[in-house]
Every structure is written in structure tokens, then in C-alpha cells.
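Note sheet for the following structure.
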Amino acid sequence: QAQLVESGGGLVQAGGSLRLSCTASGSSFRTAFMGWFRQAPGKQRELLATVSSGGVTIYTNSVKGRFTASRDNAKNTGYLQLNSLQPEATAVYYCATKIGLGKYDTWGQGPQVTVFS
């Protein structure tokens, strides 16, 4: 079964940047649809961005212009660049994939991102 392993979370000062990586095992990644989510304490999980198998991205308004999602299918890896971070961005960040329509069925472990002022 495919797995997703995330890296790149941590502690950053307000205004700073982080890059999250999400590496998939198996051969299905290059045809998978990818999503990036976050869940802040006491809040519901929020979809931030989606990346099609061909690299087309769509962002939610709350992160448009500050976060950039991308993927390298040759490396089985997706990326989320987080720029101009503010304390309200503190959350657990997840990558997820799915094949075709329906729900995301493979999830990363969710590294913590903490932004301090």
C-alpha cells in the first residue's frame, strides 16, 4: 500500500518561510491527485491547495499568493512552500493523494508548523 512521508515542519518566526515535502512510495504517485491540508488547534481540517497529476494547482483564498504547491513526479514528491507566515498559520499540515474521483485515501503523518511572533 502506498505511503506518504512528510518532512519540513518546524518552528519559524513570523514573516519567515518553510517548505514541506511529501514523498510517496509505490508507482501510483504520478497519476494521483494531490491535496495539501492543515488543521489548527480546535478547528476543522482545511484544504489549502490541490495539484493535479500534471501539475495544475488551485489554492484556497486564504493562502493564495503566499503558499505555492508543486510536484516532481520523477521524484515521487510534492512540495508546499509557505511564505510570509503569520502566527495564525500554526497548525498540523497534511499532504494527501487520491486516484480519480472520491475521497483522499492516503495521508501523510502531518508535521507541526509553529509560527511565533
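General observations
- Enumeration of residues in region 55-65 that are in contact (Cβ under 8 Å) with a residue 12 or more places away in the chain, surrounded by 15 or more Cβ atoms within 10 Å (Cβ to Cβ) and either out of contact with any helix residue (DSSP H, G or I) (no Cβ under 9 Å at 6 or more places or on another chain) or assigned to a strand (DSSP E or B) (or both): Thr57
- The single condition among (1) under 14 Å from the mean Cα position of the chain (by Cα); (2) open to solvent by 50 Å² or more (accessible area, probe 1.4 Å) that Gly108 does not satisfy is (2).
- Within region 66-101, the set of residues being in a loop (DSSP other than H, G, I, E, B), open to solvent by 30 Å² or more (accessible area, probe 1.4 Å) and in contact (Cβ under 8 Å) with a residue 60 or more places away in the chain comprises Asn83, Ser84, Gln86, Ile99, Gly100.
- Number of positions in region 27-50 that are touching a strand residue (DSSP E or B) at 6+ places or on another chain (Cβ under 7 Å), among the basic types (Lys, Arg) and surrounded by fewer than 16 Cβ atoms within 10 Å (Cβ to Cβ): 1
The values are calculated or read from the model by the stated rules, or taken from the named source; none is laboratory data. Since the model is a prediction, treat every value here as computed from it, not as a measurement. Please note: Cβ atoms are built from the backbone with ideal geometry, for glycine as well, and neighbour counts cover all protein chains shown. Quick note on the areas: whole protein, heavy atoms, side chains included, nothing else; ligands and nucleic acids left out. Shrake-Rupley method; radii C 1.70, N 1.55, O 1.52, S 1.80 Å.
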